[in-house]
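A.B. asks: Pasting a structure here, questions to come.
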Amino acid sequence: MSTSEVTDPSTIAEMEETIARISSHKGVEGVMIMNRQGAMIKSTLEDKEQTTAQSAELSNLTAKASSVVALLNPDDELKFLRIRSKQREILVSPEKEYILVVIQNPNAVE
Amino acid sequence: MTTSEATDASTIAEMEETIARISSHNGVEGVMIMNRQGAIVKSTLVDKEQTKTQSAELTNLTAKASNIVALLNPDDELKFLRIRSKQREILVSPEKEYILVVIQNPNESE
């Protein structure tokens, strides 16, 4: 339902291409694209429930990280967020209108 | 006042040594050590108010990131958090009893 927000077919094609390219990297478990409010636009993750819960939490975290950055310097802006756990790594790349999230297993990446 | 929690002299010495070592790296703007509740144990930042606000926000952020990690897999745990902005980079390394935070300018460190 939220995909209707991204109606331009060339945008959708670009999105699919980006997701395909990133997903083909070794160790990448999932790629998610969501808007700044946390609504999922596209996700390669199979577990839909988990995806929804994650996207809400991640956009929340992104907003918080943005405010921490602004706290240090109001002119600054968040460029990238890297959450590393024992088993995997979540990479968050916020843009003006959307947030790109990649979940990868850093141990698999050489 | 919160430094009384780390009363062991050797712990304090180790802390000072770690902070000195990290601070000497090219581009490092500040090093903060706080407990899991967000209270500052040691900080090299000059602005005390900003330090306090930051530590509260960062502890909050660390807790949120921990949540997200546990969401994906309850066995997993947060190891590292890297917040990259246009002008600087905030590195958060949570441990059992404390959180180590380093603020650096990534453009300077080669």
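The values are calculated or read from the model by the stated rules, or taken from the named source; none is laboratory data. Note that this is a predicted model, so its numbers are computed, not measured. So basically every Cβ, Gly included, is an ideal-geometry build from the backbone, and we count neighbours across all protein chains shown. To get the accessible areas, we keep the full protein, side chains included, count just its heavy atoms, and leave off ligands, DNA and RNA. Shrake-Rupley method; radii C 1.70, N 1.55, O 1.52, S 1.80 Å.
A.B. asks: For the protein assembly as shown, what is the convex hull volume of its Cα atoms per residue in Å³?
C.D. replies: Details: hull volume 31.3 nm³, N = 220.
For the protein assembly as shown, the hull spanned by Cα atoms encloses 142 Å³ per residue.
A.B. asks: Separate question: Just the number, please: buried accessible area between B and A, total of both chains, 1.4 angstrom probe, nearest 100 square angstrom. List each step's numbers first, then the result.
C.D. replies: Details: alone 7580 and 7520 Å², together 12070 Å².
Summing both sides, the interface buries roughly 3000 Å².
A.B. asks: Evaluate E = 1/(1 + (r/R0)^6) for B:GLN87 and A:ALA63, where r is the Cβ-Cβ distance and R0 equals 22 Å; express this FRET efficiency to the nearest 0.05. Spell out each step's value before the answer.
C.D. replies: Values: r = 19 Å, r/R0 = 0.86.
Efficiency, from the Cβ-Cβ distance: 0.70.
A.B. asks: Let me ask something else. For chain A, calculate the relative contact order in percent as a whole number, restricting contacts to Cα pairs under 8 Å that are 6 or more residues apart.
C.D. replies: Details: 149 pairs, mean separation 29.3, N = 110.
This gives 27 percent for chain A.
A.B. asks: Still on this model: Taking the solvent-accessible surface of protein heavy atoms with a 1.4 Å probe, what is the per residue accessible area of chain B in Å²? Don't skip to the answer; put the middle values down first.
C.D. replies: Working: 6060 Å² over 110 residues.
Each residue of chain B exposes 55 Å² on average to a 1.4 Å probe.
A.B. asks: Still on this structure, please answer the following. Out of the total accessible area of the stretch A:50-110 (probe 1.4 Å, heavy atoms of protein only), what percent is carbon and sulfur? Walk me through the numbers before you get to the answer.
C.D. replies: Values: 1240 of 2730 Å².
Ligands and nucleic acids excluded, carbon and sulfur reach 46 percent.
A.B. asks: Please give the average number of partner chain Cβ atoms lying within 10 Å of the Cβ of each residue in A:39-52, rounded to a whole number.
C.D. replies: Details: counts 0, 0, 0, 0, 0, 0, 1, 0, 1, 0, 0, 2, 0, 0.
What the average comes to for A:39-52 is 0.
A.B. asks: Over chain A, consider all pairs of different Cα atoms and compute the Kirkwood hydrodynamic radius from their mean reciprocal separation; express it in Å, one decimal. If you can, show how the numbers build up before the last one.
C.D. replies: Working: mean 1/r = 0.0683 Å⁻¹.
14.6 Å is the Kirkwood radius here.
A.B. asks: Now a separate question. Helix-derived [θ] at 222 nm for chain B: sum -39500 (n - 2.57) over DSSP H runs of at least 4, divide by residue count, nearest 500?
C.D. replies: -12500 deg cm²/dmol
A.B. asks: Something else: Quick one: how many lysine pairs in the protein assembly as shown have C-alpha atoms under 18 angstrom apart, if they're 8 or more apart or on different chains?
C.D. replies: Step by step, the pairs that qualify in the protein assembly as shown add up to 18.
A.B. asks: Under a plain spin-label model, where a point goes 7 Å from the Cα along Cα-to-Cβ, how far apart in nm are B:PHE80 and B:GLU17?
C.D. replies: 2.2 nm
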